[in-house]
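Structure, as structure tokens:
Read-outs throughout are calculated quantities, based only on the coordinates presented, and are distinct from any laboratory measurement. None of these values were measured; they are calculated from a predicted model. Cβ placement follows ideal geometry from the backbone for every residue including glycine, while neighbour counts extend to all protein chains displayed.
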Amino acid sequence: MDSNELFHEMLHAYQYQNEKNYTSFVNARMNLDIEAHYAQYLYLKGSLEYDVCEWRQAVEVKKSRRHLAVMTLNDYLDDKGYLHEGMDQELVNSFVEFNIVEAFKRTIEYKDYKYDSNRDIQSNFANLREITKNC
């Protein structure tokens, strides 16, 4: 397992710890996986590991819609999970729900994950903001 994959899985442990209960975790599994993927991408884009990682292969060779969709989040969010200045929160919420979630659902592993549309973009990246607080 590469360090970026370990980081992704450890973030899931952190997310679980911060959820209210098991039911809320399960009902927002897609939301949490999108956050974990975005955090993993941020980790990778600043590391030497990117040149040899599976993420790069998924993007450059396989043209993975899921990975490409996660990368587009950087157009809307900064490296701590905050909206870029001037971004409309509702627009970004819609983009995530109808583009990123759909890209994930086309992948077998994620097709049955639940997406909690009651969570807005701010709550979807709360864990990322917390772990990058003093960085």
query = On full extension of the chain, what length is gained from E19 through V61, given 0.36 nm per residue of separation minus the C-alpha to C-alpha distance?
reply = 11.5 nm
inquiry  = Per DSSP helix of 4 or more residues, -39500 (n - 2.57); summed, then divided by the residues of the chain. What does that give at 222 nm, rounded to the nearest 500?
reply    = -15500 deg cm²/dmol
message = Defining a contact as two alpha carbons under 8 Å apart and six or more residues distant in sequence, what relative contact order in percent does segment 42-108 show?
response = 29
ask   = Long-range amide H contacts for L77: which residues qualify at under 5 Å (H placed 1.01 Å from N, peptide plane, sequence gap of 5 or more or a different chain)?
value = H84
ask   = If each residue's Cβ is checked for other Cβ atoms within 10 Å, how do T23, T132 rank with the fewest at the top?
value = T23, T132
request  = Could you tell me whether segment 3-131 comes out rounded, prolate or oblate from its Cα gyration tensor? Rule is a ≥ b ≥ c as square roots of the eigenvalues, rounded for a/c under 1.5, then prolate if a/b exceeds b/c, otherwise oblate.
outcome  = rounded
ask   = Once the other residues with Cβ under 12 Å from the Cβ of A103 are scored (Lys, Arg +1; Asp, Glu -1), what is the net sum?
value = +3
request  = Any chance you could count the Lys pairs in segment 3-131 whose alpha carbons are under 26 Å apart, treating pairs 8 or more apart or on different chains as valid?
outcome  = 18
request  = Using a Förster distance of 22 angstrom, determine the FRET efficiency expected from the C-beta separation of N118 and L6, and round it to 0.05.
outcome  = 0.10
task = Note down the nm distance, to one decimal, between modelled labels 7 Å out along Cα→Cβ at N134 and at M87.
result = 2.6
